[in-house]
Each structure stands twice: as structure tokens, then as C-alpha cells.
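The values are calculated or read from the model by the stated rules, or taken from the named source; none is laboratory data. In this text the structure is predicted, and so the values were computed from the model without any measurement. Here the Cβ is made from the backbone with ideal geometry for all residues, glycine too, and neighbour counts use every protein chain on show.
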Amino acid sequence: MTAAVLLRHGGPDALEVRGDRPVPRPGPGQVLVRVTAAAMNNTDIWTREGAYGLPGRPEAEAGWRGPVDFPRVQGGDIAGEVSAVGAGVSGAWTGRRVLVDPAFYADESEDAAPVGLLGSEADGGFAGYVAVDAARLHDMSTSPLSDEELAALPVAYGTAMGMLERARITGDEKVLVTGASGGVGLALVQLAAARGARVVALTSGSKAEALREAGAAATLSREETDFRRRLDEAVPGGLDAVADVAGGPWLERLLPALRDGARWVIAGAVAGPVVPFDLRRLYLHNLSLIGSSMHTRAHFAQLADLARAGALRPRIAARYDLSDIHAAQEEFRRGAHIGKIVVTP
Ligand SMILES: NC(=O)c1ccc[n+]([C@@H]2O[C@H](COP(=O)([O-])OP(=O)(O)OC[C@H]3O[C@@H](n4cnc5c(N)ncnc54)[C@H](OP(=O)(O)O)[C@@H]3O)[C@@H](O)[C@H]2O)c1
């Protein structure tokens, strides 16, 4: 089969498209999924580059959970069709359209923390086929979403769902979303607006209109000079929550715009991982700072229910053949897109 194989940490040449990769065999408890669509995420690029560092060694080359076992097929966002089942798995799965939960969990509970990801700790979906545990499957036979739309969900929408749930963001709240045109950010805008929240989207350039179409009640440009006044106009009385994937200077800048008792949930740091901020703003106003990594099984099941009901429609920014994965990564890196970039084998 054809697969994009990561041979080592490095630049684009560390990723090779090969036509001679053997089709994996499903082991006991596993199924073989014929991949029909796989979406791209920041983690594919950061893992290729080894950009996550290690505890105490921020410059070290590593994947998000530490050393990566090469060669590795990346891709945590997988939609496809079950083409074979391993020992102990019901044959009723064969032929079904499925969405794959990419997370490895710390234990068997519904609320277990994610501790690994397909495409990082095991082979993922940038290939014709992938063997996965049957426990990861969510049946999408009845979903009105296309395979590309389904593939857009797991990492970005799973992470967004995890953030909204961990910060307990509800329908009558005012929420600012950073990185709003990106994969996780757009998912946050859509999911929070679908709950009824008043969403303010922080974005750049000419992306505001697309974000209002996605459900944002107001948008703010990160190039805005009179930023605080614009924010106060958009949300008089202060923000109830910030759902943040940017970090960097935004924490210090936006913390004073939160009302007393508000929450700041963070899942990414595209604007910088190491930040100074005034701790007094945190404790004097009873603010909560919440770290959020991916999703739990319970969060993913909620997402799968929304997908089956057609209650959300991810925006597909671009499509590439798997053989053009380098071009797909280039476009992702440019950051001019809005929504998810999908590759199809
Ligand atoms: N914790 C987790 O489980 C988890 C899971 C997935 C992703 N992540 C992390 O979440 C972050 C976002 O991921 P993604 O896939 O959504 O990335 P993405 O698609 O590249 O989107 C990031 C967005 O951030 C905005 N941005 C870029 N530079 C910025 C800056 N200096 N200041 C403010 N905003 C900036 C841009 O949107 P605008 O132009 O609209 O501002 C961009 O579209 C990454 O750090 C990723 O590693 C974490």
C-alpha cells in the first residue's frame, strides 16, 4: 500500500511517500480500516520536526510523549471503512463506515486522560490501511457527514470538546476563542456557538467573515490597536471564559478582561509556550487556569453523537492526494487556510 512514512525527526525530507509498505494485519481485538480520508494537524508537523522538547531539555528533539519509534506512519484523524476484523471482533463491523478515536488512554474509564495518539505512539492514517483496536471505532453508517468531514473531527474537534467540557462552558456564557480560524479554534467557535454561547473570535487578516458564518457573534483582529475597547464593546461586563490555543502574550493581555470567577482553558501555544503574567490578576479575581490535552472517551462519544446527528459541519479548507502530503504540509504551515486540510490515499 501507499503510505507517508516518517523516517526520523527533521525537515520535509524526513517524510517519504512509499508505495511498498505492507498492508498491516489486524491482531486480536483489532480491525483493518481502509482509510478514505485523513486530516492534518499541527502535531504531524511538530512530531516530524521533533519540536516538543523533553522535561528539563526544551531543545531536545522528541514527540509529544517523548521518543518516537521510527519508521512511523503519522495521521491521527482517520475516517474509513472496516475491511477485515481480527480474532475476537464481531464480523458485523466489516463494511461499516467508521470514525476512529485516535487517543490511547491511561486506563479503561470513560474519563481517563489521553496518554498517546495514533500517528505518534502507533501508526496512523496517512496510508491506504491502518490496523486499530476495535474499541476505537465509532459507527458512522448513518452520519450525513462526508468522509472528509468525519476525518476533520478527531483531533481538532476532540480537543475543542475536551476544552469546553473541562472548562464547563455553557450556553449563556461569553467566550473568547483564540486561533479561531485554525483547526481547534474553528471547532471551538462552532461547538461553543452550538451550545448557545456568545463567541468572540480572535483572528487575523481577512478571516473574520468566515468565523461569523461559523457562529462567532463578534470577531476581533489580533492586529487591532484599540484592542481592549473593542473587546469591552463586544462583551460588556467581561468574559466568562477564554478557550485558548495561542498562549504567548495573550495571557497577560487578556487576563484583565475576564470577570471575577472566570475560566481560562488552554490547549496550545502557537504564539509562545513560555509566558510572564501577573499572578495577582489570577488569585485576586478567583480565576481558574485549566490545562487541556485532547479528549476523554466520554468527550469523544459526545462528538460522535453530534456527527451522527449531523449537528456540526466541519469546514474543509483544502484537499490533497496522499502522494502530495508535502504540499499539504506547506499549505498548513502558511496558515492562510480556514478549517481542516484533508489528505486522501
Ligand atoms: N492540547 C491538545 O490536545 C492539542 C490538540 C490539538 C492541537 N493542539 C495545539 O493547539 C494549537 C492550535 O492547533 P491547530 O491545529 O488549531 O493549529 P492551526 O490550525 O495552525 O491554527 C492555529 C491558529 O492560530 C492563530 N495564530 C497563529 N499565530 C498566532 C499568534 N502569534 N497569536 C495568536 N494567534 C495565532 C491562527 O489563526 P488566526 O489567523 O485566525 O489568528 C492560526 O490559524 C497548536 O499549538 C497545537 O499544537 C493541542
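Structural remarks
- Among the residues making up region 35-63, a single one is among the charged types (D, E, K, R) and under 16 Å from the mean Cα position of the chain (by Cα): 44.
- Checking 19, 50, 56 one by one, the residue that is at pLDDT below 95 and surrounded by fewer than 22 Cβ atoms within 10 Å (Cβ to Cβ) is 56 and no other.
- Selection of region 296-327 for residues being over 22 Å from residue 211 (Cα atoms) and within 18 Å of the chain's Cα centre (by Cα) yields 296, 297, 298, 299, 300, 301, 302, 304, 305.
Residues checked against (1) surrounded by 15 or more Cβ atoms within 10 Å (Cβ to Cβ); (2) in a strand (DSSP E or B):
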site	(1), (2)
272	no, no
276	no, no
290	yes, yes
305	no, no
308	yes, no
330	no, no
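To keep it simple, each residue is scored yes or no on (1) over 26 Å from residue 87 (Cβ atoms); (2) in a strand (DSSP E or B); (3) of a type in the set (A, V, I, L, M, F, W, C).
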{"residue": "5", "(1), (2), (3)": "yes, yes, yes"}
{"residue": "13", "(1), (2), (3)": "yes, no, no"}
{"residue": "26", "(1), (2), (3)": "no, no, no"}
{"residue": "48", "(1), (2), (3)": "yes, no, no"}
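- Counting only helices (runs of 4 or more DSSP H) wholly contained in region 182-265, the ones carrying 1 or more residues that are more than 25 Å from residue 42 (Cβ to Cβ) and within 16 Å of the ligand (Cβ to nearest atom) occupy 227-234.
- Condition check for residue 237: more than 20 Å from the chain's Cα centre (by Cα), of a type in the set (Gly, Ala, Ser) and modelled with pLDDT under 95: yes
- Residue count for region 303-345, restricted to those that are away from the ligand (no atom under 13 Å from the Cβ) and under 15 Å from residue 161 (Cβ atoms): 9
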